[in-house]
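A.B. asks: Below is the structure I would like to discuss, written out as structure tokens.
The values are calculated or read from the model by the stated rules, or taken from the named source; none is laboratory data. Since the structure is predicted, the reported quantities are computational estimates derived from the model, not experimental observations. All Cβ positions, glycine included, derive from the backbone under ideal geometry; neighbour counts span all protein chains shown.
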Amino acid sequence: MLTKVLVIAPPYVAQTVWPDEATKWEHLSGLKVQVIKGPEWERRLCMKREADVYCISRNHIQWIVNEHIKWTNKKWKWDKVWPFGLVVLDEAASFKAPDGVWFKNLARLRRLGVEFINLTGTPSPNGLLDLWAQMYLLDGGQRLGASMTYYKEHDFRPSKYMGQRVIGWEPLDPQSIYDRLSDIAVSMRAEDWIDLPEVINITVETTLSEGSRDLYNTMKDTGVLVGITAGNPGAVGMKLLQISNGAVYDDQHEVVHIHSVKLEATKAIVDDADTPVLVFTSFIHDKERLLAFLPHSEEMKGAQTIRRWNERKIPVLIAHPAEIGHGLNLQGGGRHIIWFGIPFNLGDYLQANARLVRTGQPEDKVIIHHIVGKNTRDEQALRVLGAKGATQEQLMEALAYGD
């Protein structure tokens, strides 16, 4: 009987959190954890080492599946013996896209009978459509259907169009979906079981100068500035977010600086903060400008950065939420978060905040600062986060453990 477990997680989580946590808990002292990392030759060497739990970055899913499975006579078949009796997906919402390479490779395992356990704090960051791929890996389509198309047609109706194309779906009966998941999914929120620090949300408004406002309005109305062209409404929206943040990419992907009001607002918060500050950005030029503007600021560069941050040796840590927003233990480093750019992605937003709002946070309060451009797309992003958060909260309540 196969008993080895494969944990698939975000890169830093696979390399640091799982092996570190296994040494902290007495009941796990008998488990040997092996991280699978490095170039191919090193990964193969790691696979040969005896262990109970193997941890691998989600970026290597395709590699590890291809190492053991091949396409033969129009069927997926074992090439070598799949060595794991169970696959654990840490941050399972990362695999919510049915057309994504990660999901497609994991679906091969599901069709061959491999069992999964999914772990996530944000199962439906953009709505209940996000559930289908995650549930398929658990039950092969028994509860929500064998395809995303079936799930949409059976449980949703179109709610938003762009021309003739449907771009939004509304659930017909959310409770029906919750009921079908109730025997296989459970919600256990940390705040229901352990004491977490109080969260204080602060909105810091910034105002564009007259010249910056003119550029913002021109892009909003026409989609065009000198040397900067947005080809569709989505691209216009991205350009507007960039302008609100203070810089924008031109058609040659060069950075055009527009204003520094958010930089100055960030520095004011940092100067007043009583602990180190974690700053989340939206665009590469955000990070570059912040690193140049804020003394003693650093960006995420791996496990050493995590260790030094938790030792409070980094006054300002700057990162995109996708880099460190899932699973990492950063609560030792401080209690202040600054959102330099406001995201539309609820999963990134909640998971990033949870790096500090978690058990082990030595402070009694975590303060989350949102730097919002007045009368800009930032305000819309905050509203969207609120609406998406309400949908996810309903799901978590419906599946709450003990209810």
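A.B. asks: If you take the residues in region 1-14 that are outside any strand (DSSP E or B) and more than 21 Å from the chain's Cα centre (by Cα), which one is surrounded by the fewest Cβ atoms within 10 Å (Cβ to Cβ)? Full working, then the answer.
C.D. replies: To start, the set of residues in region 1-14 that are outside any strand (DSSP E or B) comprises 1-4, 10-14.
From what is left, the residues that are more than 21 Å from the chain's Cα centre (by Cα) are 1-4.
Details: Met1: 3, Leu2: 11, Thr3: 8, Lys4: 15.
This residue is Met1.
A.B. asks: Check region 140-151 and report whether any residue there is basic (Lys, Arg), outside the structural domain of Tyr249 (by TED's automatic domain parsing) and touching a residue at least 24 places away in the same chain (Cβ under 8 Å).
C.D. replies: Going residue by residue through region 140-151, those that are basic (Lys, Arg) are 143.
Cutting the leftovers down to outside the structural domain of Tyr249 (by TED's automatic domain parsing) gives us 143.
Still in the list and also touching a residue at least 24 places away in the same chain (Cβ under 8 Å): 143.
Yes; the residues of region 140-151 include at least one that is basic (Lys, Arg), outside the structural domain of Tyr249 (by TED's automatic domain parsing) and touching a residue at least 24 places away in the same chain (Cβ under 8 Å).
A.B. asks: Given the criteria over 30 Å from Asn232 (Cα atoms) and of a type outside the set (Asp, Glu), does Tyr178 qualify?
C.D. replies: Values: over 30 Å from Asn232 (Cα atoms): yes; of a type outside the set (Asp, Glu): yes.
For Tyr178, the condition - over 30 Å from Asn232 (Cα atoms) and of a type outside the set (Asp, Glu) - is met.
A.B. asks: Any idea which residue in region 337-360 is farthest from the chain's Cα centre (by Cα), counting only those that are more than 19 Å from Gln392 (Cβ to Cβ) and surrounded by fewer than 21 Cβ atoms within 10 Å (Cβ to Cβ)?
C.D. replies: Gly360
Here's the yes/no breakdown for (1) crowded, with 23+ Cβ neighbours inside 10 Å; (2) more than 22 Å from Ser57 (Cβ to Cβ); (3) of a type in the set (A, V, I, L, M):
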| residue | (1), (2), (3) |
| --- | --- |
| Ile284 | no, no, yes |
| His296 | no, yes, no |
| Arg307 | no, no, no |
| Arg335 | yes, yes, no |
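A.B. asks: Select from region 152-209 the residues that are surrounded by 13 or more Cβ atoms within 10 Å (Cβ to Cβ), over 30 Å from Val357 (Cβ atoms), among the aliphatic types (A, V, I, L, M) and modelled with pLDDT of 90 or more and list them in ascending order.
C.D. replies: Leu208
A.B. asks: Among the residues of region 66-121 satisfying the criterion of being at pLDDT below 90 and in a strand (DSSP E or B), which is farthest from Leu346 (Cα to Cα)?
C.D. replies: Among those residues, the one meeting the criterion is Thr72.
A.B. asks: Then there is this: Please go through region 164-179 and give me each residue that is out of contact with any strand residue (DSSP E or B) (no Cβ under 7 Å at 6 or more places or on another chain) and closer than 16 Å to Asp130 by Cα, ordered by number.
C.D. replies: Hits for region 164-179 are Asp173, Pro174, Gln175, Ser176, Tyr178.
A.B. asks: If Ala51 satisfies every condition in (1) within 28 Å of Thr359 (Cα to Cα); (2) over 26 Å from the mean Cα position of the chain (by Cα); (3) surrounded by 14 or more Cβ atoms within 10 Å (Cβ to Cβ); (4) not basic (Lys, Arg) but one, which is the exception?
C.D. replies: With respect to (1) within 28 Å of Thr359 (Cα to Cα); (2) over 26 Å from the mean Cα position of the chain (by Cα); (3) surrounded by 14 or more Cβ atoms within 10 Å (Cβ to Cβ); (4) not basic (Lys, Arg), Ala51 is out only on (1).
A.B. asks: Also: Of the conditions (1) part of a helix (DSSP H, G or I); (2) under 25 Å from Trp339 (Cβ atoms); (3) in contact with a strand residue (DSSP E or B) (Cβ under 7 Å, 6 or more places away or on another chain), Thr218 clears all except one; give me its number.
C.D. replies: Every condition holds for Thr218 apart from (2).
A.B. asks: Still on this structure: Identify all residues within region 315-327 that are within 27 Å of Leu346 (Cβ to Cβ) and either at pLDDT 90 or above or buried (at least 20 other Cβ atoms within 10 Å of the Cβ) (or both); write none if there are none.
C.D. replies: Val316, Leu317, Ile318, Ala319, His320, Pro321, Ile324, Gly325, His326, Gly327
A.B. asks: Any chance region 382-395 includes a residue that's outside any helix (DSSP H, G or I) and polar (S, T, N, Q)?
C.D. replies: no
A.B. asks: Can you work out which of the residues in region 264-280 that are under 19 Å from Leu208 (Cα atoms) and touching a Leu at 6+ places or on another chain (Cβ under 7 Å) is surrounded by the most Cβ atoms within 10 Å (Cβ to Cβ)?
C.D. replies: Residue satisfying both the conditions and the ranking: Thr266.
Residues checked against (1) out of contact with any His (no Cβ under 8 Å at 6 or more places or on another chain); (2) outside any loop (DSSP other than H, G, I, E, B); (3) closer than 18 Å to Glu91 by Cα; (4) not assigned by TED's automatic domain parsing to the domain that holds Ser94:
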position	(1), (2), (3), (4)
Thr16	yes, yes, yes, no
His27	yes, yes, no, no
Leu31	yes, no, no, no
Glu50	yes, no, no, no
Tyr54	yes, yes, yes, no
His60	yes, yes, yes, no
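A.B. asks: Which number in (1) under 20 Å from the mean Cα position of the chain (by Cα); (2) touching a residue at least 24 places away in the same chain (Cβ under 8 Å) marks the one condition that Ala390 misses?
C.D. replies: Condition (2) is where Ala390 drops out.
A.B. asks: Still on this model: Pick from region 229-247 the residues that are buried (at least 20 other Cβ atoms within 10 Å of the Cβ) and not small (Gly, Ala, Ser): which of them is nearest to Glu264 (Cα to Cα)?
C.D. replies: The extreme case among them is Asn245.
A.B. asks: Would you say His253 is surrounded by 17 or more Cβ atoms within 10 Å (Cβ to Cβ) and either of a type in the set (Asp, Glu) or in a loop (DSSP other than H, G, I, E, B) (or both)?
C.D. replies: Considered against the rule, which asks whether it is surrounded by 17 or more Cβ atoms within 10 Å (Cβ to Cβ) and either of a type in the set (Asp, Glu) or in a loop (DSSP other than H, G, I, E, B) (or both), His253 comes out as no.
A.B. asks: Give the residue that is modelled with the lowest pLDDT, with candidates limited to residues of region 19-47 that are of a type in the set (D, E, K, R) and exposed (fewer than 10 other Cβ atoms within 10 Å of the Cβ).
C.D. replies: Lys24
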